[in-house]
Amino acid sequence: MQITSPEFKSNSRAALADAQLQKALSNVRSGFIDKRLKAVADLPEFERLRDSAKAIKDHVLSNLDLYLEAYEGKVLAAGGKVHWCQTAEDARQAILAICRSVDARVVTKGKSMITEEIALNEFFEKNGIAPVETDLGEYIIQLRGEHPSHIIAPAVHLNKEQVEEDFRRVHDHLAPGRDLTEPEALLNEARRVLRSRYFEADVGITGANFLVAETGSSIIVTNEGNGDLTQILPKVHIVVASIEKVVPTLDDAAQILRLLARSATGQDMSVYTTVSTGPRRPGDPDGPEEYHVILLDNGRSAMLGTEFQDMLRCIRCGACMNHCPVYHAVGGHAYGWVYPGPMGAVLTPSLIGVDKGGHLPNASTFCGRCESVCPMRIPLPKMMRHWREREFERGLNPAVARYGLKTWAFFAKRPRLYRFAAAMGIPALGMFSFGKGRFSWLPFAGGWTRHRELPAPEGRTFMQQLRERDAVMKQAAR
Amino acid sequence: MTQQKVTKPRVGLFVTCLVDLFRPVVGFAAVKLIEDSGCTVDIPMAQTCCGQPAYNSGDRKDTRAIAQNTIEAFEEYDYIVAPSGSCAGMLKKHYPGLFKGDPAWEPRVAAFSAKVHELVSFLADVRGVSDIDARLDGTVTYHDSCSGLRELGIRAQPRALLGQVDGLTLRELPDSDVCCGFGGTFCVKYSDISNAIVSEKTSKIEASGADLLLAGDLGCLMNMAGKLKRQGSSVETRHVAEVLAGMTDQPPIGGRG
Amino acid sequence: MSGRQAILSKVRASLAETGDDAARRAVVEARLAKPPKGVIPARGKLPDDARVDLFETLATKFAATVERVRSPADVPKAVAAYLRAKNLPAAVRVGADKRLAAMPWDREKALEIRSGPSDGDDEAGVSHAFGGIAETGTLVMTSGKDNPSTINFLPEHHIVVVEAADIDGDMESVLAKVRKKYGRGKMPRTLNFITGPSRSGDIEQKIILGAHGPRALHIILVDG
């Protein structure tokens with residue numbers, strides 16, 4: 001997909017002016033936050049589980065090579081195949097080769113952010129294979145030629161009227177009189193259309209929430225059941241997963257599963273948690289005949305051992321964006337690539353480069369709400385600041401900002417000069433407000449005064465007043 | 001008499017640059033509140049800013065220089081107190097990271113940071129203040145500034161102390177823990193997004209029915225006051241310390257009317 | 001193998017590890033053989049009866065329906081009654097599970113039993129659960145000819161028989177039983193944890209039941 005992260009500012013201006021989007025975004029605020037809060041409150045062990053989950057992932061990451069080897073061994077033992085792919089292109093080619101080997105024409109897909117990352121759908125279309133997204137939200141945005149705007153609620157930027165319009169446009173069997181005004185009717189229509197697609201598909205592709213080294217299993221978590229129909233009906237099941245998804249054992253997965261659904265949707269457990277191991281066994285009446293794992297690096301290995309390693313603990317629950325004021329304001333598409341919100345602000349520069357993704361870690365108020373809800377205790381603001389440091393070191397931030405900052409820092413490091421400049425400037429500035437107590441406009445303060453008044457200084461600085469007060473007191477004491 | 005004076009804890013007040021430049025009354029309110037809690041207050045003249053603008057812009061080198069200056073100016077005190085959750089958070093939670101691996105500075109910064117407190121939590125938690133001698137007739141609402149809330153756990157303390165102010169009714173602000181959109185340089189670098197966030201906040205403030213908005217961080221207060229004023233709102237804005245110290249004679253932040 | 005070598009080398013280089021460090025390998029192998037005891041919520045640690053009650057409460061909370069019967073012999077009657085109450089045709093899809101097969105289906109004269117995996121045209125399917133998890137009201141299903149996975153997902157109504165004795169407090173206890181049955185490090189092709197009927201919140205974050213999987217999940221709990 002085309003990267004528009006460098007245009008974050010204009011993207012966000014367009015998003016703020018989009019009335020449909022703004023209406024839809026209000027569902028993020030109401031749909032996730034309270035439910036999560038309640039689910040967390042109902043589990044007294046939640047905080048301890050966060051510690052446990054963090055420790056599990058930290059342990060895996062520092063031994064990732066060994067766990068990947070162990071995992072691979074078990075996949076092979078269960079009759080599956082592992083395809084190690086360094087880049088997105090390697091992954092696309094490996095997937096294409098598998099699809100070609102069974103003359104696949106239709107491929108169903110469960111919801112997977114990693115296949116967005118490798119832009120698999122566009123690639124399939126170019127190669128004459130029809131990808132069919134089966135998650136309701138993914139299906140809707142596929143009809144619209146869009147990309148997900150949220151990692152667990154891909155169509156959160158849309159309202160039901162827009163979905164109805166798309167269904168009427170694409171589903172040509174629909175009678176004009178058919179009532180599709182309510183989400184129920186829309187869901188039923190999608191269910192009916194997709195049901196036959198599951199049976200048509202030659203290959204089913206899912207992502208993975210976890211890869212389990214103990215058993216060589218992949219685990220997916222869904223509510224709709226689409227991921228299951230995607231993997232048990234076609235002849236071939238391909239799992240696409242990045243290397244950091246591995247956990248040691250099923251018990252470790254169980255620890256993290258207790259956090260995942262609660263943090264994501266406020267459920268105790270998602271409806272379907274599915275552990276898949278290899279192809280169907282001899283005598284099994286259903287299940288895929290082939291099981292392939294695309295094990296993708298695509299930049300992760302370079303994050304290990306750096307200040308961005310903690311990001312590899314991410315379990316893609318979406319809690320950070322659900323609680324982010326910036327995400328609430330502009331939605332996911334403004335971020336300009338696959339991963340939006342705070343997790344995207346850290347991950348995107350790692351994967352596409354800080355020269356392209358540099359806006360994202362800057363577009364944060366550092367309010368810290370993301371870190372406070374992150375089940376894996378990922379210090380998101382801290383890592384955004386690390387990106388700002390890398391940018392600063394490389395001189396990537398705008399010259400005006402650098403110059404302003406350097407001038408300010410020059411004074412801040414020299415208290416006497418600072419005092420002097422403040423004593424000169426501030427009372428003068430205060431006088432300019434002519435007793436109104438605020439400015440509606442000031443030169444060089446357009447960023448502030450475009451949207452709000454600038455409160456004026458009271459008059460003399462605190463330090464000036466203090467000196468005077470002390471002088472008066474000394475005089476009185478004399 | 002002399003004996004008693006010696007035993008009083010010595011507090012170094014970190015005024016914060018915004019208070020120094022824009023809202024000195026908050027500094028004087030802080031001095032009064034800290035003195036009333038049984039401490040002596042000094043205001044080292046060598047202080048400037050905590051360094052957040054540089055720190056959050058990725059300029060670690062300047063941040064460190066500014067931090068060294070702050071530490072040198074304040075490390076002799078028993079406590080270092082700031083009328084701002086965000087500046088206190090910087091001094092307490094972020095300074096140590098700047099000196100990681102520097103054996104000369106690590107112990108110094110650790111000792112310094114351990115003594116740093118935000119004003120209201122200092123009064124309530126460290127000094128055990130439960131009695132506030134102030135009066136304000138009106139309905140107020142309170143915004144939890146992000147750094148104070150999430151880095152320092154300040155939530156109950158301002159509410160408890162405001163509960164002691166005669167004549168004051170506190171009306172809770174829905175989503176009081178959601179950012180106001182200030183974010184330091186964020187509010188000018190991404191002013192349209194900041195505006196969307198602060199507009200959401202001011203509509204909740206208006207709906208709360210309060211006639212005075214309080215918070216513990218001047219940056220957030222200037223942002224919210226500026227938006228309220230631009231919208232023609234009659235809700236006034238003050239730093240919580242002004243109310244606790246009973247120093248509400250001068251015009252609110254952003255002026256009257 | 002080049003991709004494999006390249007990725008492993010990059011990982012090792014980033015971690016500043018060599019990959020043949022015996023001490024690291026020993027730690028990893030030990031941990032794989034015996035995972036540390038994690039945090040197990042107290043919620044599920046209950047005496048037998050209370051545990052089964054919690055399972056029922058939570059399964060119901062997550063929109064499954066639960067019916068209790070006294071013995072396996074009561075199951076066919078309960079299934080027939082469920083179909084009648086929902087106005088469904090008197091037919092169910094069933095796998096080769098021996099526990100199900102031993103039930104007196106012949107007493108329900110009108111009930112058609114279709115054997116094998118689901119083809120997508122079944123209104124109702126019956127499965128026997130491997131177990132249940134009280135902590136979250138979750139059913140645990142294992143794939144195979146006894147209980148084909150397609151029955152878990154394709155019918156509009158999924159009826160699941162679970163024995164009270166198979167309901168554990170927490171997920172780890174069930175996983176221990178899976179290991180015991182299939183052998184350490186081995187698994188059935190598919191292990192499904194099912195908590196309520198299929199649903200989606202993808203349109204305006206409004207939760208609607210029956211997305212792609214069953215619209216209804218009916219649990220017949222056989223008390224021991």
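Brief remarks on what is shown
- Positive contributions from Lys and Arg (+1) and negative ones from Asp and Glu (-1), summed over other residues with Cβ under 11 Å from the Cβ of C:Val222, come out at -2.
- Residues considered: B:Asp144, B:Asp59, B:Asp20. Largest GNM mean-square fluctuation over chain B, using C-alpha springs under 10 Å, is found at B:Asp59.
- Between the C-alpha center of the stretch B:74-106 and that of the stretch A:1-20 there is a gap of 39 Å.
- Shielded by partner chains, the stretch B:9-32 residues - at least 40 Å² of accessible area, 1.4 Å probe, vs chain alone: B:Asp20, B:Leu21, B:Phe22, B:Pro24, B:Phe28
- A simple rule links phi to the HN-Hα coupling: the Karplus curve 6.51 cos²θ - 1.76 cosθ + 1.60 with θ = phi - 60°, which for the stretch A:227-243 gives x, 6, 5, 5, 9, 9, 8, x, 6, 10, 10, 10, 9, 10, 8, 8, 4 Hz, with x for Gly and Pro.
- Summarising the overall dimensions of the stretch A:31-181 from its C-alpha atoms, the Rg and Dmax are 20.6, 60 angstrom.
- Each chain gives up part of its surface: A and C jointly bury about 7500 Å² of accessible area, both sides summed, for a 1.4 Å probe.
- Between A:Asn188 and C:Ser115, the simple spin-label model (points 7 angstrom out along Cα→Cβ) gives 3.6 nm.
- The Cα atoms of the stretch C:39-222 give a gyration tensor whose axes a ≥ b ≥ c have a/c under 1.5, which makes the shape rounded.
- Only protein atoms count toward the accessible area here, which uses a 1.4 Å probe; on the stretch A:1-133, the carbon and sulfur part of that area reaches 53 percent.
- Cβ-isolated cysteines (cut-off 4.7 Å), chain A: A:Cys85, A:Cys99, A:Cys314, A:Cys317, A:Cys324, A:Cys374
- Cα centroid separation - the stretch C:63-105 against the stretch B:20-66, whole Å: 73 Å
- With the biggest extent put first, the Cα atoms of the stretch B:2-125 measure 43, 33, 26 Å across the principal axes.
- From the Kirkwood radius over Cα pairs of the stretch A:254-321, Stokes-Einstein at 20 °C and 1.002 mPa s returns a whole-number translational diffusion coefficient of 140 µm²/s.
- Shown here for the stretch A:49-130: trypsin sites (Lys or Arg not before Pro) in loop regions (DSSP other than H, G, I, E, B) with at most 14 other Cβ atoms within 10 Å, namely A:Arg105.
- Helix C:2-15 and the longest principal axis of the Cα set of chain C meet at an angle near 70°.
- Within-12-Å neighbourhood charge of A:Arg144 [Cβ basis; K, R +1; D, E -1]: -4
- The mean sequence distance of close C-alpha pairs (under 8 Å, at least 6 residues apart), as a share of the length of chain A, puts its relative contact order at 20 percent.
- FRET efficiency, 1/(1 + (r/R0)^6) with R0 41 Å, evaluated for C:Ala23 and C:Arg68 via beta carbons: 0.15
- Accessible area buried by the pairing of B and A, both sides summed with a 1.4 Å probe, works out to roughly 5600 Å².
- For chain A, the solvent-accessible area of protein heavy atoms averages 35 Å² per residue (probe radius 1.4 Å; ligands and nucleic acids excluded).
- Between the stretch A:145-179 and the stretch A:77-106, the alpha-carbon center distance in angstrom: 31 Å
- Rounded accessible area per residue of the stretch B:2-125, 1.4 Å, Å²: 35 Å²
- Inverse mean reciprocal Cα-Cα distance (Kirkwood Rh) of the protein assembly as shown, Å: 30.4 Å
- Relative to the longest principal axis of the Cα atoms of chain A, the long axis of helix A:415-431 lies at roughly 80 degrees.
- Charge sum, other residues only, whose C-beta stays under 15 Å from B:Arg60's C-beta, Lys/Arg counted +1 and Asp/Glu -1: +4
- Carbon and sulfur %, accessible surface of chain B computed with the full protein complex present, 1.4 Å: 50 percent
- For chain C: relative contact order, % (alpha-carbon pairs under 8 angstrom, 6 or more apart): 23 percent
- Solvent-accessible area per residue in the stretch C:39-222 equals 37 Å², computed with a 1.4 angstrom probe and all protein chains kept.
- Remark on the stretch B:86-243: Rg and Dmax equal 17.1, 54 Å (Cα only).
- Simple spin-label estimate for A:Arg100 and C:Arg99 in nanometres, 7 Å along Cα-Cβ: 4.8 nm
- Rolling a 1.4 Å probe over the protein heavy atoms of the stretch C:39-222, with every protein chain left in place, gives an accessible area that is 52 percent carbon and sulfur.
- Those residues of the stretch A:71-87 for which accessible area with every protein chain present is at least 50 Å² below the isolated value (1.4 Å probe): A:Trp84, A:Gln86
- Cα gyration tensor shape for the stretch A:343-478, rounded if a/c is under 1.5, else prolate or oblate: prolate
- Chain A: angle of helix A:46-62 to the longest principal axis, Cα-based, in degrees nearest 10: 70 degrees
- Residues in the stretch A:391-424 occluded by at least 40 Å² - accessible area, probe radius 1.4 Å, against chain by itself: A:Phe392, A:Leu405, A:Trp408, A:Ala412, A:Lys413, A:Pro415, A:Tyr418, A:Arg419
- Farthest positive-ward along the protein assembly as shown dipole, Cα basis, beta-carbon charges - from A:Cys367, A:Gly137, A:Val400: A:Val400
- Put simply, the C-alpha atoms of chain A give a gyration tensor, and the ellipsoid matching it has half-axes of 49, 27, 21 Å, longest first.
The values are calculated or read from the model by the stated rules, or taken from the named source; none is laboratory data. Computed from a prediction, not measured in an experiment: that's the story for all the values here. Note that each Cβ is placed from the backbone with ideal geometry, even for glycine, and that neighbours are counted across all protein chains shown. Each accessible area value is taken on the protein alone, full model and side chains, heavy atoms only, with ligands, DNA and RNA left out. Shrake-Rupley method; radii C 1.70, N 1.55, O 1.52, S 1.80 Å.
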